[in-house]
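The block underneath contains the structure these notes are about, expressed in structure tokens.
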Amino acid sequence: MTTTAPTREQREAKLEGMGCKRKRVEDVRFTQGKGTYVDDIKMPGMLYGDFVRSQHGHARIKKIDASKALKVPGVVAVLTAKDLKGVNLAWMPTLAGDVQMVLADGKVLFQNQEIAFVVANDRYAAADGAELVEVEYEALPVIVDPFKSMAPGATVLREDLIGKNTGAHGPRKHHNHIFEWVMGDKDLTDAAFNKADVTIKELFSYHRTHPSPLETCQCVASFDKIKSELTLWGTFQAPHVIRTVASLLSKIPEHKIHVIAPDIGGGFGNKVGAYPGYICAIVASIVTGKPVKWVEDRIENLTSTSFARDYHMTCEMAATKEGKVTGLRVHVLADHGAFDACADPSKWPAGFFNIVTGSYDFPVAHVAVDGVYTNKAPGGVAYRCSFRVTEAAYCIERGMDVMAKKLGLDPAEFRLRNFIKREQFPYQSALGWEYDSGDYDTAMRKVMDAVDYAGLRAEQAAQREAFKRGETRAIMGIGVSFFTEIVGAGPSKNCDILGVAMFDSCEIRIHPTGAAIARMGTKSQGQGHETTYAQIIATEIGIPAADIMVEEGNTDTAPYGLGTYGSRSTPVAGAAIAMAARKIKAKAQMIAAYKLEVHEGDLEWDIDGFRVKGLPEKTMSMKDISWAAYNSPPPNMEPGLEAVSYYDPPNMTYPFGAYICVMDIDVDTGVANIRRFYALDDCGTRINPMIIEGQVHGGLTEAFAIAMGQEIRYDEFGNVVGGSFMDFFVPTAVETPKWETDFTVTPSPHHPIGAKGVGESPNVGGVPAFSNAVNDAFSFFGSTHIQMPHDHWRNWEAAKKFGLHA
Amino acid sequence: MIPAPFTYHRPKSLAEATGLLVDLKDEARVVAGGQSLIPIMKLRLAAPDHLIDLAAIAELKGIARGATSITIGAMTTQAELINSSVLAESVPILRETALQIADPQVRYQGTLGGNVANGDPGNDMPAIMMCLDASYRLVGRAGARTVKARDFYLGTYVTALNAGEILTAIDIPVPPAGHGFAYAKLKRKIGDYATAAAGVVLTVSGGKIQTCAIALSNLADTAVAADAAAKAVIGTALDRTALSAAAQAARGVMAPAADARGTVEYRTDVGGTMVKRALQAAFARAKG
């Protein structure tokens, strides 16, 4: 029997490195129901907490009587703001520089606001107790409309801010005003509008919705009185940030706080912030000396923790009659609810909304965002998008369509005329960003060819005629969307959260046998980090991905990082992986040179080890180097093979893509049938094409939901309408359209492996594609803009408004 | 989402169940598949002290074909309706409707009896039972009686079922061979109640509609029969005028609530559209 040496291809394949459609290693446990989520954590003597929540949108609390609740067998304690004041925790700071009530202090400002925390021996007793806490309210006038909130005589919502004319982000113009954030050159922009041939002005309201992950927000807090140590398991997208904030708030030294994020069932931005449930569980554990679990139910999740959007954008655009854009002016009224709990980098109260110039070469632009309070749940998180980027993309992509219509140009053609050209990168945008790389023209044309765009437009014209003749009751819409994301927050020069710079980290330790463990500052909530991170290491240092364990979420063992949101894991932590791997590779090269008795410079890298240049049979594999690193390192070299990298990115990354949506709307029912959806994404270097495709499918499905019906709506009395899965639209496989995916590859020039991030692109680009398709269908009948969500009855209303029922 | 405390009973016979119901009076509710009652108990909108589960009562299950009628036990699940070859052959509208109820998980648990006895206008089967002119067998300790589906629904969650009575079976007259049928249901997504829905059962002879029954789901405070609409198409070949007249007549008996599914105006209008579409589908399927 003879053994043949593996071929280069076999050695490459064995690594399962970058570019490989490697199956997700985490799915082995997830698909068997063997994941460990917060609610799987059970400890001896553990207590359970449940909230008493406000029935009113705005009311003064006259009295809270917990006496009946305390008589329920099993109820241990009932916490109210009065109790929290004793430990100075009735209010907590938000990530946005505001403060938020942990438990209602004097009044409630939104329906389902937390009023009291009932702690009991079991979950049932806690719920029974919560039912019996009597709260006496005095109803106050409710404001749910951000436009009315800023009216001169509007009711004062935040009495704690009376007399404070300056907030965390500068002057406040009104008692319900939070901040004004301005970017760009106003004078130059005004001048561009003054000499423009054509201008448009349109209000694009992006409705309030919610990330609604499958697993809600939850935690278990366990305070050890003997050691004075707090262990906190929770659904944390950013566990280290939670540890630091918990230390600052509780005054427990940071080394005595152990924050652990176990498996997480989806986040989408919902699990970035700190919520009253976490604080109450911690306080309850300190008070009772027992572990305390808090688990949100679905209604609580939808109505109290972290909504998204609620951005009301007045978009003005200027252009020449030939169809070149010359200026952009946007004003946003941003509804942040009762407290500004927006999860953005601290100096960016409107996130990266200044990406609103999109993929187009606007010479000048000006944007102003006014944040306001209303009697709605607090938050303003980035729901599967980088900070306020999906709002910005929606604004510019609707604006481009409205302008194209006014100019009499096809929306795709209008975009092609105005794209930033490949040779303009790195490109300085009028609102202050430096786009790293892009080839928009190629991407757009590739998609147009794939769907036969000209053919679709011809078919649409024919269908319109058939509709007018009464042969069909459906109208056809074609939605074009081209987006530029801005992800990978972020460079410490402009990004921090409560003063913590937004770097990320990786520690790689190679074991003597050539296997490895990598620990990360990020935290997967389903993204597949355990799979993809190992692939980066495999390619960088030639260890098979299958031999690498990736560990995240335990702040005692993981290097400090800022977590996973805003598509930052690959751009920031992915870079840290490459940098740590390269440190290891450099040491490995020294070891190999010593062992092969050559100079380091005589070695070259070859898939899974080093070989001597010109002598291909003289090689040393990483596996052998690993053993040597521990057991026979060169003289004067420390044994071991490990490295840590903290990566502070020099710039953001700018993924982009071109999407086209084709739909038919039944004018009699308003039902929109998505006939085709073609999505091309360019996320730079592609690490695992299968996972990218999965990410795109998931993001498009969420975009479909948001555009076509998903909404957190309030009535005028401040009641949440549809705050459960009975009404809140989460599409099933039946409603979800078929997705066609495609890609181009334009690597990021500043990222060590050229990767840009992809998880959120489909939500950013998807929402305008759907909305543009609906609007396109009605545009031929006199419509300029129809607000989202485009659910059945609103489509029917539009059909009625434009006379299509006659 | 945690229900108030309750005592769980699992009687083995109908007599035991009706006895419990009488003894426990208002504090007790019977539960069939639990797909409506359990969710509202979890929201604490219902908080019965006693829950009497009918799942272990064998006599409440099964599908029996008689000479002119079919009897379906109240505890027969939607999945069992879907998988019944007898029903597929004789009363295919049951299968068509059951397939539009929620999702497979719900249909394996949810029962026909629960669906029709609940009194929620959003349930789909009551309108179908009206179209088929079905009767419900109601059994209490005092004895048994029969009430027609058309007379059973008095208001939202209010039915002809008396305290202490259990709906045990549904008797359905077998519609003539070759009849046309359809259940047209507009909903936002799988698992949702109807925005508007219409059931139609009709017969055709010589190209013209001979008999017709139409009933609506979730368009009033109960399922509601649209008799004037049915009358408007009888004797016609379902031309445009007849269709419009039927839709208009059906809209006359609708009184939907405005909710997240849409305004009253919208739900009423699409209710008429569902009537049209159900009529067209039923007419196309009918032989004769």
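The values are calculated or read from the model by the stated rules, or taken from the named source; none is laboratory data. A quick note: this is a predicted structure, and the numbers were derived from the prediction, not measured. When we count neighbours, we look across all protein chains shown, and the Cβ atoms used for this are built from the backbone with ideal geometry, even at glycine.
Taking the conditions exactly as written (in contact with a Leu (Cβ under 7 Å, 6 or more places away or on another chain) and closer than 30 Å to A:Phe204 by Cβ), does A:Asn176 satisfy them or not? Taking the combined requirement at face value, the residue satisfies it.
Scanning segment A:208-230 for residues that are surrounded by fewer than 19 Cβ atoms within 10 Å (Cβ to Cβ) and either under 21 Å from the mean Cα position of the chain (by Cα) or assigned to a strand (DSSP E or B) (or both) yields A:Leu214, A:Asp224, A:Glu229.
Residue count for segment A:439-492 under the criterion of being on the phi < 0 side of the Ramachandran plot, in a loop (DSSP other than H, G, I, E, B) and modelled with pLDDT of 95 or more: the result is 7.
When B:Lys25, B:Lys42 are checked against the criterion of being basic (Lys, Arg), out of contact with any helix residue (DSSP H, G or I) (no Cβ under 9 Å at 6 or more places or on another chain) and within 14 Å of chain A (Cβ to nearest Cβ), a single residue qualifies: B:Lys42.
Within 14 Å of chain A (Cβ to nearest Cβ), charged (D, E, K, R) and in contact (Cβ under 8 Å) with a residue 40 or more places away in the chain, is that true of B:Arg261? The answer is yes for B:Arg261. Out of the residues in segment A:305-360 meeting the condition of being more than 23 Å from A:Glu413 (Cα to Cα) and hydroxyl-bearing (Ser, Thr, Tyr), tell me which one is modelled with the lowest pLDDT. Step by step, filter segment A:305-360, then rank; the result is A:Ser346.
Being in the same structural domain as A:Glu642 (by TED's automatic domain parsing), in a loop (DSSP other than H, G, I, E, B) and hydroxyl-bearing (Ser, Thr, Tyr) narrows it down to one residue among A:Thr532, A:Thr570, A:Thr557; which is it? One residue alone meets the criteria, A:Thr557. Residue-level check: of (1) away from every other protein chain (no Cβ under 14 Å); (2) within 21 Å of B:Ala250 (Cβ to Cβ); (3) touching a residue at least 12 places away in the same chain (Cβ under 8 Å), B:Gly122 misses just (1).
Inside segment A:269-312, residues that are hydrophobic (A, V, I, L, M, F, W, C) and either closer than 12 Å to A:Gly234 by Cα or in contact with a Cys (Cβ under 9 Å, 6 or more places away or on another chain) (or both) make up a count of 9.
Residues are listed down the side, and each one gets a yes or a no for (1) in contact (Cβ under 8 Å) with a residue 40 or more places away in the chain; (2) closer than 21 Å to A:Tyr427 by Cβ; (3) within 14 Å of chain B (Cβ to nearest Cβ):
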residue	(1), (2), (3)
A:Ser724	yes, no, yes
A:Asp727	no, no, yes
A:Trp739	yes, no, no
A:Asp742	yes, no, no
A:Ala755	yes, yes, no
A:Asn763	yes, no, no
A:Ser771	yes, no, no
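For segment B:130-144, the criterion of a residue being within 30 Å of A:Ser724 (Cβ to Cβ), in contact with a Lys or Arg (Cβ under 6 Å, 6 or more places away or on another chain), at pLDDT 95 or above and crowded, with 23+ Cβ neighbours inside 10 Å is satisfied by at least one position.
Of all residues in segment A:160-201, those satisfying the criterion of being of a type outside the set (S, T, N, Q) and in a helix (DSSP H, G or I) are A:Asp160, A:Leu161, A:Lys186, A:Asp187, A:Leu188, A:Asp190, A:Ala191, A:Ala192, A:Phe193. Whenever a residue of segment A:404-417 is on the phi > 0 side of the Ramachandran plot and crowded, with 17+ Cβ neighbours inside 10 Å, it has no partner that is of a type in the set (Val, Ile, Thr) and not in a loop (DSSP other than H, G, I, E, B) lying with C-beta atoms less than 7 angstrom away and at least six residues away or across chains. For segment A:644-694, filtered to residues that are part of a strand (DSSP E or B) and within 14 Å of chain B (Cβ to nearest Cβ), the residue that is farthest from A:Phe503 (Cα to Cα) is A:Asp666.
Here B:Leu14, B:Leu45 are screened, and the one residue that is among the aliphatic types (A, V, I, L, M) and modelled with pLDDT under 95 is B:Leu45. One residue stands out in segment A:78-87 among those that are in contact (Cβ under 8 Å) with a residue 60 or more places away in the chain and either assigned to a helix (DSSP H, G or I) or crowded, with 20+ Cβ neighbours inside 10 Å (or both): the one that is farthest from the chain's Cα centre (by Cα), namely A:Asp83.
Has segment B:126-136 got at least one residue that is over 22 Å from B:Gln210 (Cα atoms) and among the aliphatic types (A, V, I, L, M)? Checked against the condition, which is being over 22 Å from B:Gln210 (Cα atoms) and among the aliphatic types (A, V, I, L, M), segment B:126-136 yields no hits at all.
Counting only helices (runs of 4 or more DSSP H) that sit wholly inside segment A:236-315, those with at least 3 residues that are hydrophobic (A, V, I, L, M, F, W, C) and under 21 Å from A:Gln100 (Cα atoms) are A:239-250, A:276-288.
Within segment A:773-806, the set of residues being part of a helix (DSSP H, G or I), within 14 Å of chain B (Cβ to nearest Cβ) and among the small types (Gly, Ala, Ser) comprises A:Ala798, A:Ala799. Selection of first residues in segment A:142-154 that are within 12 Å of A:Tyr373 (Cβ to Cβ) and of second residues that are in a helix (DSSP H, G or I) and of a type in the set (Gly, Ala, Ser), restricted to Cβ pairs under 9 Å at least 6 apart or on distinct chains, gives the following pairs, ordered by first then second residue: A:Ile143/A:Ser149. Among residues belonging to segment A:574-621 that are assigned to a strand (DSSP E or B) and among the basic types (Lys, Arg), point out the one that is nearest to A:Tyr647 (Cα to Cα). Step by step, filter segment A:574-621, then rank; the result is A:Arg611.
Restricting to segment B:248-257, and then to whatever is touching an Asp or Glu at 6+ places or on another chain (Cβ under 9 Å) and within 14 Å of chain A (Cβ to nearest Cβ), can you tell me which residue is surrounded by the fewest Cβ atoms within 10 Å (Cβ to Cβ)? Step by step, filter segment B:248-257, then rank; the result is B:Ala257.
The residues in segment B:216-272 that are more than 22 Å from the chain's Cα centre (by Cα) and assigned to a strand (DSSP E or B) can be counted, and the count is 1. Is it the case that A:Glu296 is among the acidic types (Asp, Glu) and either under 30 Å from A:Lys85 (Cβ atoms) or within 16 Å of the chain's Cα centre (by Cα) (or both)? Yes; evaluated as a whole, the condition is true for this residue. Within segment A:507-529, the set of residues being over 30 Å from A:Asn354 (Cβ atoms), in contact (Cβ under 8 Å) with a residue 40 or more places away in the chain and assigned to a strand (DSSP E or B) comprises A:Glu507, A:Ile508, A:Arg509, A:Ile510, A:Ala518, A:Arg519.
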